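Values in this text are rule-based calculations from the coordinates and carry no lab data. Quick caveat, the model's predicted, so the values are computed rather than measured. Cβ placement follows ideal geometry from the backbone for every residue including glycine, while neighbour counts extend to all protein chains displayed.
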Amino acid sequence: MRIETSFLFDLDGTLVDSVYQHVLAWKEALDAEGIELSVWRIHRKIGMSGGLFTDQLLRETHGEISADRVERLRQLHAQAYTRLRAQVCPLPGARELLDALTQAGTRWAIATSGRMETAQVNLEALGVDPSKQVVITRDMVKYAKPDPDLFLAAAERLNVPIEHTVVVGDSIWDMLAARRCRSLGVGLLSGGYGSDELERSGALRVYEDPADLLLHLDEVAARP
C-alpha cells in the first residue's frame with residue numbers, strides 16, 4: 001500500500017523572505033527598551049516563539065524578565081515588523097511549490113512560531129488565505145518551536161499521521177521540532193542557517209530554497 005506524504009511548512013525564511021525584517025524589527029524593539037544586543041545574536045533566535053525568544057535574549061543580557069516587559073517587546077516587534085511589510089515577499093518558487101502540491105492532491109499546512117498579527121503579513125504576501133488553508137500559529141498551541149506542538153497540531157488538522165509528514169523549515173528550531181514529533185525534516189538555506197547546522201539538527205535533506213525543493217521533490221516524497 002502506498003503511503004501518502006503530507007507537507008508541514010514553516011513560514012518565515014521557508015516560504016517568505018522575511019527573516020531579516022524580523023531581525024530588524026526585534027532590534028528596534030530591543031533598542032526601544034534600552035537592551036543592547038548585536039544583530040547576529042538576534043538572528044540566531046529567529047524561529048523560536050516570541051516568548052521564548054525574549055526570555056533567552058533578556059537572560060543573555062541580564063535584563064529584567066517580567067511578563068509586562070516581554071509583552072511590551074512583543075508588541076513593539078509586531079509594530080515594527082508591520083511597518084516593514086512592503087519588504088516582505090515570497091521566496092523563489094514558494095507559490096509554485098504550494099500550487100504543485102495542491103494540483104497533485106498532496107495535503108500541506110503552514111505551522112509558524114509567529115502570532116497571527118505578524119503571520120498575516122506573510123500570508124498576504126504569499127497569497128494564502130488562512131480561512132481556506134490549514135495555518136497553525138503561535139496563538140493556537142501551548143508551546144512553539146523547538147517543541148513540536150505546532151507541527152502536531154497541523155498534522156491533526158490535516159487528519160494525517162505525523163509520521164507520514166515532511167517538515168520543511170529554514171532553522172535548527174524547525175529541525176529539532178521535527179525530530180521530536182517523528183516527522184522527516186527537510187532544511188532550506190533561505191533563512192540564513194548553514195547546511196551543516198541543519199543536518200546536525202536532524203535535516204535529512206537540505207535545499208537552497210522552495211524552488212530548489214520543487215525541482216527535487218521526488219527525493220523526499222513519491223510523486224503521485
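Mind listing the phi-derived Karplus ³J(HN,Hα) values for the range 143-154, rounded to whole Hz, using 6.51, -1.76 and 1.60 with θ = phi - 60°, and x for any glycine or proline?
Per-residue couplings from phi come out as 10, 9, 4, x, 5, x, 3, 4, 6, 5, 5, 5 Hz.
Are there any trypsin sites (Lys or Arg not before Pro) in the range 133-197 that are in a DSSP loop and have at most 10 other Cβ atoms within 10 Å? List them by number.
When the trypsin sites (Lys or Arg not before Pro) of the range 133-197 are filtered for loop state and at most 10 Cβ neighbours within 10 Å, LYS142 remain.
Sorted from largest down, give the three principal axis spans of the alpha carbons of the range 19-86, whole angstrom values.
34, 23, 21
With contacts defined as alpha carbon pairs under 8 Å and 6 or more residues apart, what's the relative contact order of the range 19-86 in percent?
Reported as a whole number, the value is 46 percent.
Find the centroid of the Cα atoms in the range 170-223 and in the range 90-130, then give the distance between the two in whole Å.
So the separation of the two Cα centres works out to 16 Å.
Mind listing the long-range amide H neighbours of VAL167? Cut-off is under 5 Å, sequence gap 5 or more, other chains count too, H placed in the peptide plane at 1.01 Å from N.
For VAL167, the qualifying residues are LEU8, LEU184, GLY185, VAL186.
Round to the nearest 10 and give me the degree value, 0 to 90, for the angle of helix 67-83's Cα axis relative to the longest principal axis of the chain.
Result, in degrees: 70.
Go ahead and set up a Gaussian network model of the chain, Cα springs under 10 Å, then flag whichever of ALA154, ALA109, ALA86 fluctuates most.
ALA86
Which entry in (1) 17.4; (2) 21.2; (3) 18.2 matches Kirkwood radius over Cα pairs in Å derived from the coordinates of this structure?
The value computed from this structure is option (1).
Each residue of the range 189-196 in turn: what ³J(HN,Hα) in whole Hz from Karplus with 6.51, -1.76, 1.60 and θ = phi - 60°, glycine and Pro shown as x?
Those phi angles translate into 7, 6, x, x, 7, x, 4, 5 Hz.
With both partners inside the chain, how many of the DSSP beta bridges are antiparallel, as a percent to the nearest 5?
The antiparallel proportion sits near 10 percent.
Would you list, by chain and number, the lysines whose Cα falls below 22 Å from the Cα of LYS142, excluding same-chain residues fewer than 8 positions away?
Answer for LYS142, where 22 Å is the Cα cut-off: LYS45, listed by chain and number.
From the phi angles alone, apply the Karplus equation (6.51, -1.76, 1.60; θ = phi - 60°) to the range 110-120 and give each ³J(HN,Hα) in whole Hz, x where the residue is Gly or Pro.
For the range 110-120, the Karplus-derived couplings read 10, 10, 10, 6, x, 7, 4, 4, 9, 5, 4 Hz, x marking Gly and Pro.
Quick query: amide H of CYS89 versus all other amide H atoms, modeled in the peptide plane; which residues come in under 5 Å with a sequence gap of 5 or more or a different chain?
Distant-sequence amide H within range of CYS89: ASP17.
Gaussian network model of the chain, Cα springs within a sub-10 Å range: biggest mean-square fluctuation belongs to which of GLY47, GLY169, GLY192?
Looking only at GLY47, GLY169, GLY192, the biggest GNM fluctuation is shown by GLY192.
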